[in-house]
Amino acid sequence: MQFKTRVILMALAVVTLFSSCQDENSPLIVENFYDSTDFQKNSEPAQSAISSYNTLMNALEKGRSGSVLTSAMLELQKNDGSFYLPSRIIGGFQPVLNKYIQYAVDNSGKTFIPGNLQNGGVLDGYLFTENGVEISSMIGKGLYGAIFYYQSAKILRTGMTKAELDMVLAYYGSNPSFPNCNTNIRVPNPDILAAGNVCKRDKNDGYGLYTAIKNEFLTIQATIAGGPGFVIEQKEAIEDLKILWEKANAATVISHIKEMINILSSDPTMTAETQATVLYNYSEAVGLLYGWKFLVNSDKLINDRDLKEIFTLLNMSESSSQGYKFVTSVESELPKLDKVINKLALIYGFSPADIDSFQTNWALVQGR
């Protein structure tokens with residue numbers, strides 16, 4: 001996987017990127033650190049959205065443990081009514097969210113048996129619909145694209161301010177320190193949301209997705225500080241950031257699909273625990289893809305036709321899912337998963353080595 005490389009030195013890097021409006025002796029200066037001044041204040045709208053998101057996910061977690069959920073428990077609003085989560089969601093995903101919240105209410109407190117279409121419920125610590133979609137994964141990962149990337153894409157434009165870039169950084173799930181770590185055991189402010197997934201896919205060798213995304217944030221910061229003479233460089237960095245964010249999302253989809261393949265290939269007579277693990281990975285992958293479904297074409301690489309083809313392979317339609325078939329009809333369903341990976345690799349330019357690498361949680365393996 002090849003990413004555009006920018007040389008960043010100990011204190012700063014001078015990247016000689018000339019625009020038609022810029023004198024040849026005035027290079028773009030890209031510092032190797034992100035300015036944290038006013039980050040907390042500037043990112044407050046994003047932090048409020050994240051807080052409301054976490055409230056919803058914590059409520060859904062109770063359903064995973066077997067508690068009966070009610071509509072009131074899943075209200076998408078702070079107690080003081082100061083923030084209403086749906087106001088930030090891309091319109092097309094709102095009916096999906098409403099449907100799966102209702103699934104959570106209807107199926108909580110029950111037991112799920114894959115293939116029994118009478119009801120969903122809990123299986124090994126996960127809350128499923130009757131069709132085998134893990135509800136928390138579908139909602140939670142779908143909102144990565146339907147709120148956090150969607151809101152960022154609206155902000156990312158030439159002429160943006162540093163305060164707006166701070167908000168995008170928060171929506172991405174990182175912070176000015178760029179910890180490349182998703183656990184607070186090692187750092188006080190770890191990566192969360194998309195950034196928390198990206199650090200798992202990055203070998204921390206300076207050439208991976210996490211580093212590439214960080215470098216685009218630093219470059220956009222430099223173009224903002226440099227002024228209107230660097231509008232061409234800013235536009236390029238913005239587009240690169242959006243593409244890399246989407247590629248990182250696809251890399252995590254592939255990691256979940258590969259986990260399904262590994263389990264289904266080695267354990268066709270699955271225990272209930274194994275079935276739950278397969279369907280959890282299925283739902284994580286579907287959720288991450290669904291978050292991109294309703295974005296406008298200018299904000300995504302993948303087109304609607306390719307998404308529809310992938311969802312068909314994953315037994316997922318707008319009206320229903322048959323995800324459970326991946327654990328009840330393994331022989332017929334398993335080949336579809338390789339086709340999904342091949343399709344994503346073609347769209348995003350991933351090599352076989354990339355795909356193999358995505359299977360590893362590098363943050364865990366490297367103890368960061």
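The values are calculated or read from the model by the stated rules, or taken from the named source; none is laboratory data. Remember, predicted model here, so these are calculated numbers, not experimental data. Positions of Cβ are backbone-derived with ideal geometry, glycine not excepted, and every protein chain shown enters the neighbour counts.
When you scan the range 286-297, do you find a residue that is surrounded by fewer than 17 Cβ atoms within 10 Å (Cβ to Cβ) and within 21 Å of the chain's Cα centre (by Cα), even just one? Yes, the conditions are met somewhere in the range 286-297.
Among the listed residues THR183, THR219, which satisfies the condition of being touching a residue at least 60 places away in the same chain (Cβ under 8 Å), among the β-branched types (Val, Ile, Thr) and not in a loop (DSSP other than H, G, I, E, B)?
Numbers: THR183 fails: not in a loop (DSSP other than H, G, I, E, B).
Going through THR183, THR219 in turn, just one is touching a residue at least 60 places away in the same chain (Cβ under 8 Å), among the β-branched types (Val, Ile, Thr) and not in a loop (DSSP other than H, G, I, E, B): THR219.
Can you say whether ILE113 is among the β-branched types (Val, Ile, Thr), surrounded by 16 or more Cβ atoms within 10 Å (Cβ to Cβ) and within 16 Å of MET57 (Cβ to Cβ), as far as the supplied structure shows? Taking the combined requirement at face value, the residue does not satisfy it. Within the range 117-165, restricting attention to residues that are more than 21 Å from the chain's Cα centre (by Cα) and assigned to a helix (DSSP H, G or I), which residue is surrounded by the fewest Cβ atoms within 10 Å (Cβ to Cβ)? Restricting to residues being more than 21 Å from the chain's Cα centre (by Cα) and assigned to a helix (DSSP H, G or I), the top hit is ALA163.
Filter the range 333-368 down to the residues that are polar (S, T, N, Q) and in contact with an Asp or Glu (Cβ under 9 Å, 6 or more places away or on another chain) and list them by number.
Of the range 333-368, the ones polar (S, T, N, Q) are 342, 351, 357, 359-361, 366.
GLN359 - this is the single residue of the range 333-368 that is polar (S, T, N, Q) and in contact with an Asp or Glu (Cβ under 9 Å, 6 or more places away or on another chain).
Screening MET316 on (1) over 22 Å from the mean Cα position of the chain (by Cα); (2) modelled with pLDDT of 95 or more; (3) surrounded by 17 or more Cβ atoms within 10 Å (Cβ to Cβ) shows it passes everything except condition (1).
Would you confirm, using the coordinates I've provided, whether THR274 is in contact with a helix residue (DSSP H, G or I) (Cβ under 9 Å, 6 or more places away or on another chain) and under 22 Å from GLY142 (Cβ atoms)?
Working: in contact with a helix residue (DSSP H, G or I) (Cβ under 9 Å, 6 or more places away or on another chain): yes; under 22 Å from GLY142 (Cβ atoms): no.
No, not satisfied.
Only helices (runs of 4 or more DSSP H) whose full extent lies in the range 264-368 are considered here, and the ones with at least 3 residues that are over 30 Å from GLN118 (Cα atoms) are 304-313, 330-348, 352-358, 362-365.
Scanning the range 175-224 for residues that are more than 15 Å from VAL365 (Cβ to Cβ) and hydroxyl-bearing (Ser, Thr, Tyr) yields SER177, TYR207, THR211, THR219, THR223.
Within the range 86-109, not a single residue is more than 22 Å from the chain's Cα centre (by Cα), surrounded by 15 or more Cβ atoms within 10 Å (Cβ to Cβ) and closer than 17 Å to VAL327 by Cα. Quick check: anything in the range 205-223 surrounded by fewer than 18 Cβ atoms within 10 Å (Cβ to Cβ), among the acidic types (Asp, Glu) and touching a Leu at 6+ places or on another chain (Cβ under 9 Å)? No: zero hits.
Within the range 321-344, residues that are of a type in the set (Lys, Arg) sit with their Cβ atoms under 8 Å from residues that are surrounded by fewer than 20 Cβ atoms within 10 Å (Cβ to Cβ) and not in a loop (DSSP other than H, G, I, E, B), at 6+ positions apart or across chains, in these pairs: LYS325/SER332; LYS336/LEU313; LYS339/LEU313; LYS343/ASP306; LYS343/GLU309; LYS343/LEU313.
In the list VAL30, VAL14, which residue meets the criterion of being in a strand (DSSP E or B) and either in contact with a Phe, Trp or Tyr (Cβ under 7 Å, 6 or more places away or on another chain) or modelled with pLDDT of 50 or more (or both)? Walk me through how you get there before you give the answer.
Working: VAL14 fails: either in contact with a Phe, Trp or Tyr (Cβ under 7 Å, 6 or more places away or on another chain) or modelled with pLDDT of 50 or more (or both).
Answer to the check: VAL30.
All told, SER48 falls short of being surrounded by 13 or more Cβ atoms within 10 Å (Cβ to Cβ), of a type in the set (Ser, Thr, Tyr) and not in a helix (DSSP H, G or I).
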